[in-house]
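We did not get these values from a lab; they are worked out from the coordinates using the rules stated. Every value quoted in this text rests on a predicted model; they were computed, and no experiment measured them. With ideal geometry, Cβ positions are generated from the backbone for all residues, glycine too; neighbour counts draw on all protein chains shown.
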Amino acid sequence: MNIFFDHQTFTLQNYGGISRYFCELIKGINNTDDNNAHLSLLWSNNVHLKEYNIPVIPYPFSKKRRLYYKSNTLFNCIDNKIKSYDIYHATYFDDFLVSSIGQKPFVTTFYDMTYERLSNRFAELSADKTIFAQKQKVVQKASHLIAISESTKLDMIEMLDVLPEKITVIHLGSPFVQHDATNKNENSAPNASPYLLYVGNRSSYKNFIPFLRAVAQILIKYRVKLVCAGGGEFSPKEIEVIKSWNLNNLIEYKDVNDKILQGLYKGAIAFVFPSLYEGFGIPVLEAFSCNCPCVLSNISSLPEVAGDAALYFDPDNKDSMEASVEKILLDSALRAKLIQLGREQLSLFSWQKTVNSTLDLYNKLH
């Protein structure tokens, strides 16, 4: 069976969970005997492609992304006519190829419903209505839809008026190999100070600034750092909040790759995730892989992914966030318990399971 993947995610993302998901899917499919995954892509600066040895041409003018998107779209349209394939799996929600695939099954993965859930709360989300319109069109045209969590599936049913039987839930995996529990802190701390770890984007619905305000006094009281891995340098607003709480010596930003990130997880007292919405939550599995206790929002998909292996808080409640962080700092027995439960919970997820379940779906549609 031949699967055709378009360019969208790999043109739009230089790195991130969605493009990593498709790299894992493509690699896994191509490691089977009777299936072939074809990624139709010419230009891309996505770092995961290099990690997975998928050849592309880097584009030299990063500010011309729209031009390269059009170029890759044209390439997809030509490639679609040349290649012989059985299933079309779109990597995002632009339906530019749908009219030319004939009767071939068309699959799309839904990663979250953040815009639909939170656009009335955050201006930066409400400014882009295109994504909602694209999702509505895809729901009508697709042969089948994949949701990466039961939480996302329920949101799709509620907000896009899609039939439950048209959606299959296929969970994701961790990009990291599970580490030996005895080596948690080996060569991993960024400095001698104990720290909590925050990973990734910090804007709007990620709830970083409210979380920082909630735990500022705890960080000061216990002289614990908050290390922010990835997500870009601190914004002017974040710097303002850091200075207002005199946290300059307790908040640290680190630009990371996978190796550095694994070390940070392994050395952290705990991983904190105050997000107001997640479609899945790959960082939770990353933390489990590295024997790092998790302190998480009690919302959307996070309880589904973490199960009993995390300490939860209400992300809209300052006292709840503060109390949970203080508890994880003071209770070493709880941290040890969460590490063990995290290792057990991690066994429920793997990229091989993702690949197998996706191939099962393709076979039903083929």
Seminar exercise, completed: Packing-ranked peptide list from 299-306, 358-365, highest mean Cβ count within 10 angstrom first, is 299-306, 358-365
Exercise. Among all the aspartates and glutamates, which ones have a C-alpha under 13 Å from Lys337's C-alpha, if same-chain residues fewer than 8 places away are not counted?
Worked result: Asp308
Seminar exercise, completed: Length gained, Lys70-Lys83, 0.36 nm per residue minus C-alpha separation, equals 2.7 nm
Problem set entry | Under 5 Å, built H, 5+ apart or other chain: amide partners of Leu226 | Leu196, Ile251, Glu252
Seminar exercise, completed: FRET efficiency (Leu330, Phe61; Cβ distance; R0 35 Å; to 0.05) is 0.10
For this session: About the Cα centre of the chain, how large is the charge dipole given +1 on each Lys and Arg Cβ and -1 on each Asp and Glu Cβ? Please answer in debye to the nearest 20.
Result: 880 debye
Exercise. Normalised by the residues of the chain, what does the relative contact order come to in percent, with Cα pairs under 8 Å and at least six apart?
Worked result: 15 percent
Exercise. Among the listed pairs Lys50/Lys153; Lys129/Lys254; Lys166/Lys206; Lys137/Lys206; Lys64/Lys206; Lys83/Lys104, which are separated by more than 23 Å between their Cα atoms?
Worked result: Lys50/Lys153; Lys129/Lys254; Lys166/Lys206; Lys137/Lys206; Lys64/Lys206
Problem set entry | Cβ-placed point charges (K, R +1; D, E -1), dipole of the range 73-169 about Cα centre in debye, nearest 20 | 280 debye
For this session: Please sort 272-279, 246-253 by packing, taking for each peptide the average over its residues of neighbouring beta carbons within 10 angstrom, highest first.
Result: 272-279, 246-253
Exercise. For the chain, what does -39500 (n - 2.57) per DSSP helix run (n ≥ 4), summed and divided by total residues, give at 222 nm, in deg cm²/dmol to the nearest 500?
Worked result: -13500 deg cm²/dmol
Seminar exercise, completed: Per the rule of 0.36 nm per residue minus the C-alpha distance, extending Val169 to Asn317 adds in nm 50.2 nm
Exercise. Taking the Cα atoms of the chain alone, what are Rg (to one decimal) and Dmax (as a whole number) in Å?
Worked result: 21.0, 64
For this session: Please list, or write none, the aspartates and glutamates whose alpha carbon is within less than 13 Å of the alpha carbon of Lys318, excluding same-chain residues fewer than 8 places away.
Result: Glu326
Exercise. Taking the Cα atoms only, what angle lies between the long axis of helix 150-160 and the longest principal axis of the chain, rounded to 10 degrees?
Worked result: 60 degrees
